[in-house]
Amino acid sequence: MQDRNLLAVEKPARYMGGEMGAVIKGEAELRFVLAFPDVYEVGMSHLGFKILYSVLNNIPWLAAERTYAPWPDREEYLRASSIPLDTLETRLPLAQADILGFTLQYELSYSNILNMLDLAGIPLLAADRDGAWPLVLGGGPCASNPEPLADFFDAFLLGDGEDAVVEIAEGVRDWRRSGGTKEELLLRLSGIEGVYVPSFFEVTYRDDGTVREIVPLLDGYTAVRRRFVADLNAVPYPTDQVVPFLKTVHDRVSMEIARGCTRGCRFCQAGYIYRPVRERTPERIMESVEETLRTTGYDEISLLSLSTGDYGCIAPLLRALMAKYAAERVAVSFPSLRVGTLTKELVEEVKKVRKTGFTLAPEAGSERLRQVINKGITEEDLLANAGEAYRNGWRLIKLYFMMGLPGETRDDLLAIADLAKKVKNEGRAAGGGEVNVAVSSFVPKAHTPFQWEPQIGYEEILTNQEFLRVELKRRKLNFKWQDAPLSVMEGVFARGDRRLGAVLLAAHELGCRFDGWGEHFRFRKWLDAFAAAGIDPRFYHRRRGPDETLPWDHLDFGVTKEFLQEERDKAFTCIYTNDCRTGPCSRCGICDFTRIRPVLNPATEAVAVPETTSEDVVAPPEEAERIRLRFEKSGRMAYLSHLEMINLFTRAVGRARVPIRFSQGFHPHPKFSFATALSVGVESVAEYMDMEIAPGYGADRLREELNAVLPAGIRILDATLIPFKSPSLSVIMDRVRYRVTLPEVVAPQLAEQAASFLDRDTFIYRREKEKKGAQEFDLRQGLHALFVDGTLLELEIDRAKPLEYVAAITGLTLARLADCRIEKLAVIFKD
């Protein structure tokens, strides 16, 4: 067994590694650790993380590995045991990496970055790290204003990363070969387009706290322009992805069909920093989806872009996907469908397999405020889209709004409740439907027309939330909101400057981490951190002057400051800016119309569906045969829970393209069943499950196909065709044989203790359970055989857990026995 301490954490699968698709390189000249400053389930859902992992591991001399922020239970163990934070692939301590690259996805994850550096034993401040330490690199949407993190990072990558990360890795490799200083490395990296080295700029402040000047310290390095990928079709999409054992936030194929948006919503940072629009061709999308489904076993495709409905040929693409995959029960979802782009045809196609989530984002309740933010949708569009969804069987629609938008009045807030009620009325007209209303607080972001606008304060957020709660409750609508302190903190760091580094250090010392998670966020500690640094957080919520030097003015994301100011002026006169996709160029400054320009697909009536053979199409069979499998669960796989084993085999069936039957209902799932749920931490060579598959497929073929895709530690040992109406495994199980290996110091009198236990007629064991209360078992009556060989205890039992027997035999507590190795050797079935 490996790493028995994993039994002490809530979800061992977060830390064990060994997932299907993970890349492990024993030899590599350079090790590039991709670090996500949030929990595993969140980081594993991030497409950008997957893209970089694939791009980097395709380089022969480089190994890309992963690490995630450990949950507090795991952190407690690491600190108590003085074990440094390491990677999932090779258990490489982060301090031994060549490059440590953090994804900057969310401002409230900044405290996790410092905590991860601390857990790795890496000095927090960049000024304290020489060339012997890893290069600490950051990238992602928050790199649009990385100034609050400037003290901690050696460099940031602005913009698209597919090509730039390779150039950065090559630069570090060549520098290491030359044996240069860290200053020489940073000089080398500053020559790469899109790389920002914060130490090459000095920032001075006025007495009122505003930025006086941003002074370049390196000749010719006066501003840093964002990196662009000119054509998405020219960069790889990660088709061979790591498939997690546990359920993640987005447990599906995430297919980026386009990058960038030109709708021009004035609050939306992504709409400005990811311009111009670049669409993948439908042919490339179809190829990538096919490859990814086959390597991952997922049963859902999510078509990603900032506005999926704007994709140039979305309807024919969806028809092609449904034509190819509907028979295999593969669903398609749209996480970002803009109001007004939803058509009856799209709804009809999406519901063919199963109804995925349905979310619409009007953002503002009133027509006037939607004009201010340049949303460009009407109430009529919203109600039409909602009605179409309800009439096609959806019973719940989620509506997203923001409060605190520039120019908002109490009437605009009331309009949120009124509009949501009208949507619910559409559901009533279609036979019934519910509405969930989610309202977040507007946070002004860098590089947007509203970057100069104030953010409403803590008290006003609470007042507005209470007003909405009352109005929505009166209309019998469900209401969800973002906690006010979280919005306050996000607003501080979104438009913050370098002085916030002192706040981050103080917050780290106070124990702040996982601030995006309500159960771990401690607003009082953050207020203490601001006080310790002598900074008033409200300073960062204020209105900025039009001529004020902004902390991010030396970072060029392509859209000119003049254009953003023009858009701000248009907002308050309710002047709409047309989408340049269909209208004239808005002259935002992003395009040079040679290399950087919109890449759009021409309108088409149909997308070619790749030809398939009978071997390619795996439709769920109408009739089936039943095959019983015995499989092994060993090594790190012993730490998978029963639910994670279900997830593992669901993906394995998909990867192996097994023609399995599916259940009926709203969410069909493959028809297989396990004998029992094996306790976490127990190894086994006697796990059983039944599968219902197409007649004639064969037991031997099923065993071979599954073994070809299962991870190390899970292996099908036997496969047998059984009568379809055979009793279930749980019915025919009689007894189970286990072997327990005890440490020598724990049970020196094991043979005598076993003999004493066998002499008893009864032994009542009491198991305490929080929800079910106490349960009592007669362990002696449930014991059918007991053998001792040194420190090995072999027992055959019909109920209870093997460690409970060991505790009864030895008189030790379960806690003292936690390091015992437990193996399930056999299942004895009833005659």
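The values are calculated or read from the model by the stated rules, or taken from the named source; none is laboratory data. If you're wondering where the values come from, they're calculated on a predicted model, not measured in any experiment. As a convention, Cβ positions derive from the backbone with ideal geometry for all residues, glycine included, and neighbour counts pool all protein chains shown. The area values use the complete protein model at the heavy-atom level, side chains included, leaving out ligands, DNA and RNA. Shrake-Rupley method; radii C 1.70, N 1.55, O 1.52, S 1.80 Å.
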Links that overshoot a 26 Å alpha carbon limit, given the list K351/K473; K633/K772; K422/K480; K633/K771: K351/K473; K633/K772; K633/K771
Carbon/sulfur fraction of accessible area - the chain, other protein chains in place, 1.4 Å, %: 50 percent
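Report D for the chain in µm² per second (integer): Stokes-Einstein, Kirkwood Rh on Cα pairs, 10 °C, 1.306 mPa s.
Details: Rh = 29.7 Å.
Reported coefficient: 54 µm²/s.
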With all protein chains modelled, accessible area of D569 [1.4 Å, Å²]: 90 Å²
Reachable aspartates and glutamates from K344, criterion Cα separation under 17 angstrom, eight or more residues apart if same chain: D310, E380, D381, E388, E426, E605
Lysines whose Cα lies under 19 Å from that of K769, excluding same-chain neighbours fewer than 8 positions away: K801
Simple label model, 7 Å out from Cα along Cβ direction - D130 to E76, nm: 3.9 nm
Modelled FRET efficiency - R0 30 Å, M733 with I24, Cβ distances, 0.05 increments: 0.20
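If you place +1 on the Cβ of every Lys and Arg and -1 on the Cβ of every Asp and Glu, how big does the dipole about the Cα centre of the chain come out, in debye to the nearest 20?
Details: 106 positive and 120 negative charges, 419 e Å.
Its charge dipole is roughly 2020 debye.
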Loop-resident sites, region 673-780, for GluC sites (Glu not before Pro), counting at most 16 other Cβ within 10 Å (DSSP): E744, E770
Crossing angle, helix 282-296 versus the chain [Cα axis fit, 0-90 degrees, rounded to tens]: 30 degrees
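Could you state the accessible area per residue of the chain in Å², with a 1.4 Å probe and every protein chain left in place?
On the way: 33600 Å² over 831 residues.
Counting only protein heavy atoms, the per-residue value for the chain is 40 Å².
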Whichever lysines have a C-alpha closer than 20 Å to that of K570, once near sequence neighbours (fewer than 8 apart) are set aside: K375, K445, K561
Within region 499-588, GluC sites (Glu not before Pro) in DSSP loop having at most 14 other beta-carbon neighbours inside 10 Å: E519, E548
